[in-house]
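Nothing in this text is a laboratory measurement; each read-out follows from the coordinates by a stated rule. Predicted model, so just to flag it, every value in this text is computed and none were measured. No Cβ is skipped: glycine too gets one built from the backbone with ideal geometry, and neighbour counts run over all protein chains shown.
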Amino acid sequence: MRIAIAADHAAYELKAVLAEWLRDHGHDVIDLGTNGPESVDYPDYGYKLAQAVANGEAERGVALCGSGIGISIAVNRNPACRCALVSEPLSAALARQHNDANVIAMGARLTGRDMAIACLDTFLATGFAGDRHQRRVDKLSDPQIERTDA
């Protein structure tokens, strides 16, 4: 699978660990930076990652910042992306099964190396359940779809 990965300065070390893990497991990695501790703006990297996923350059994305919150918000500004902030494997699995998430976000200051790898492994190994969830996922990208509670 072709996977884009991006991080701000707070998460560049975790990005390097996860990129290496991805390559070791046979994935093609698109590293969108950053690559050092110099302060950068996480939205810039979230937008780059979202663009790579939206234009089909990558099938999935990994977004990292200190908390994971800011970069996930940036990624989710793109309607083609469904970025889920996760902290353990169950949330990673549910993000794929129920929400067809195509980007995973984690916080380097909150999620340790081993837990981040476990989340990423689960995220990549889990499929979308479809069925009743498809209708809901469709609404995530198009808020004009008729609501069932109206």
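Just wondering, is there one or more residues in the range 95-114 that are free of Cβ contacts under 8 Å to residues at least 40 places away in the same chain, farther than 20 Å from Ala50 by Cα and of a type in the set (A, V, I, L, M, F, W, C)? No - not one qualifying residue is present in the range 95-114. In the range 18-45, of all residues being more than 20 Å from Val75 (Cβ to Cβ) and not in a loop (DSSP other than H, G, I, E, B), the one that is farthest from the chain's Cα centre (by Cα) corresponds to Asp24.
Conditions tested, residue by residue: (1) within 17 Å of Cys119 (Cα to Cα); (2) among the hydrophobic types (A, V, I, L, M, F, W, C).
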| site | (1), (2) |
| --- | --- |
| His9 | no, no |
| Val17 | yes, yes |
| Asp28 | no, no |
| Asp31 | no, no |
| Gln51 | no, no |
| Leu64 | yes, yes |
| Val75 | no, yes |
| Ala80 | no, yes |
| Pro89 | yes, no |
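Only one entry of Glu20, Glu57, Glu13 meets the criterion of being in contact with a Pro (Cβ under 9 Å, 6 or more places away or on another chain) and surrounded by fewer than 18 Cβ atoms within 10 Å (Cβ to Cβ), and that entry is Glu13. If the condition is being in contact with a helix residue (DSSP H, G or I) (Cβ under 7 Å, 6 or more places away or on another chain) and surrounded by 14 or more Cβ atoms within 10 Å (Cβ to Cβ), then the range 112-142 contributes Ala116, Ile117, Ala118, Cys119, Leu120, Thr122, Phe123, Thr126, Phe128, Ala129, His133, Val137.
Within the range 46-80, the set of residues being within 23 Å of Gln144 (Cβ to Cβ), part of a loop (DSSP other than H, G, I, E, B) and in contact with a helix residue (DSSP H, G or I) (Cβ under 6 Å, 6 or more places away or on another chain) comprises Asn78, Pro79, Ala80.
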